[in-house]
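Here's the structure, in structure tokens; my notes come after.
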Amino acid sequence: MDTKNVIAAISLSAAVIILYSLFFAPPPITKENLAEKNKTEQNSDAPSLDQKENVTEITREEALNQNKRIQFENQNIVGSISLQGAAIDDLTFKEYNIALESNEKVKLLSPRNTKDGYLIESGFITTDKNIDIPNSNSVWSVSGNNKLTNQSPVKLSWTNDQGITFEKEITLDDKFLFTIKQKVINSTSKEYDFYSYGQIIRKQIPDISNFYILHEGLLATLDDELIEEDYDDIQEEKFSRTSQKGWLGISDKFWITSLIPPKGKEFKTTFDYKDKFRANFVGTEPLELKENSSIEDEMQIIVAAKRVDVIDGYAESLKIDKFDLAIDWGFLYFITKPLFYGIDYFFKLLGNYGLAIIAITICIRLAFFPLANFSFRSMAKMKALQPEMARLKDLHKEDKMKLQQEMMALYKKEKVNPMSGCLPILVQIPVFFALYKVLFVTIEMRQMPFFGWIQDLSERDPTSLFNLFGLLPYDVPSFLMIGAWPIAMGVSMFIQQKLNPAPTDPMQAKIFMFFPLLLTVILAPFPAGLVIYWTVNNILTMAQQVFIMKRTTIKTTT
């Protein structure tokens, strides 16, 4: 890799990002489009969900023992549903630990009266204030099974004093899907209008990565449009939109809590904040409950670890519009997702994600082989022209214009393009970003080991040069955590730089000499899997470069 070309490629990448923000990024909120958004919200006939709550904060254990519950469990999750409010407010992932060195499992949902309250509610609401409807304090009854599994559903019911009964039948599949069939039975001679709703409540902002390449917060796809709202955005401005299809939820780096409204019916989605974050939908078309009759509706709830096979599987089987975007593949989606599938294929073949990354690196080098050959031949010719270029520089050092003319004439005569070395780098920059995205956002890479000291390919190399890679008994500050793999990457980059034509400017040559050291420090905090990719890529590039340069030298001498 030509270091000058790396700098040029990085500059070009920055330019692409700037151009994207100028011409393709969503328009900023103005008074005009804000007024239009508010107009859409006001025109909706859907009633708003009441937000008034008074809760006293207690511990999670106290909250779970405070009222009666229905337990649920399958192969992937375990938890409970509170009979007070019929809320899904206790869920633990059975296969995921909170940290590599811990056996404690990830607990995602918690009751509303805990510090980390995070729960899901569903039901019916009405604009008629004379009708009692179940709320967060209503205690539901259980009929039949008292434990929810993927083999046995549960039925809940609640009846008001006016002769109206609300029922829920909840089923659970073998992964992360809850299906709720809701029903209202009218035993009176009156008629009512009801609207179905689903709601996710989160009391506070979780620990988030707060990194620009990953969205964590409120998320939806509505009528084919991806909506991403950060927590601080919703604290400042409410979001509301009416749509015909889609889904909504709250997304963490590795976890998703989502609602899929009833199919084929218009609904209004709202993201707001007032002491707590809420993501909810309310049907805009009233369900007419006639005398001595019933109405029913169905919705899905997915509270999942964002495994690609799981998310894509639900998107396909439930026909959920763009549900695969629950995983933040980014604007390089067309590269990132196929790259993940390639790595996952080699993982299933080799049994190790580190080896899979090396295998995909080899495939990428093979794909770029013709392009790299062209580039390295040009670089080999450039290196052979170094003495002549130095002579021209000495000869015309007082006349820059003449020097440029002579240089261009030399390039034309020898059929050399000095910019050809940039092309392979420019092509690989998107692949590098895409691989970084894969390592950063996919749960499949989380806590996956390589060999030796690398126990998590999605985290940085845990060793450091400054305690001799653990031989000295003390911890080093995070900014001095420059591990063995980043150093190997820097050394390979330095050796590779020596194979390239040296800059004719001495000052420029000194600057480029320190460039591998600079990149070593910059990339040390990056995921170990990415550093392994870069190192192996450097080694393969050097092997290819040496081979081509030797062939070019042999042809030149003969």
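We did not get these values from a lab; they are worked out from the coordinates using the rules stated. Note that the structure is a prediction, hence the values are computed from the model and not measured. Cβ sites come from the backbone with ideal geometry, for glycine too, and all protein chains shown count toward neighbours.
Here the calculated FRET efficiency for VAL546 and LYS94, from their Cβ-Cβ distance with R0 = 56 Å, stands at 0.65, rounded to the nearest 0.05. Alpha carbon centre of region 155-208 versus region 87-132: separation in Å? Using only Cα atoms, the two centres lie 15 Å from each other.
log₁₀ I(q)/I(0) of region 183-281 at q = 0.22, 0.23 Å⁻¹, via Debye over equal Cα point scatterers, no solvent, to two decimals? Debye output, listed in q order: -1.14, -1.22.
Tell me the net charge near MET481. Cut-off is 13 Å between Cβ atoms, MET481 excluded, with +1 for each Lys or Arg and -1 for each Asp or Glu.
Net of charged neighbours comes to -2.
From the largest down, region 37-328 spans 62, 45, 40 angstrom on the principal axes of its Cα atoms.
Electrostatic bookkeeping for ILE131 treats Lys and Arg as +1 and Asp and Glu as -1; over the other residues with beta carbon under 13 Å from its beta carbon, the sum is -3.
Rank by packing, highest mean first: peptides 447-455, 114-122, with packing defined as the count of other Cβ atoms within 10 Å averaged across residues.
Per-residue mean Cβ counts within 10 Å order the peptides as 114-122, 447-455.
Taking label positions 7 Å along the Cα-Cβ direction at both GLU237 and MET507, the computed distance is 4.6 nm, reported to one decimal.
Using a cut-off of 9 Å between beta-carbons, work out the net charge of the residues near LYS265 (Lys and Arg +1, Asp and Glu -1, LYS265 not included). That sum, taken over residues with Cβ under 9 Å, equals -2.
What does the highest-first list of 56-62, 303-309 look like by mean Cβ count within 10 Å?
On the way: 56-62: 11.6, 303-309: 19.3.
Per-residue Cβ counts within 10 Å, averaged per peptide and sorted highest first, yield 303-309, 56-62.
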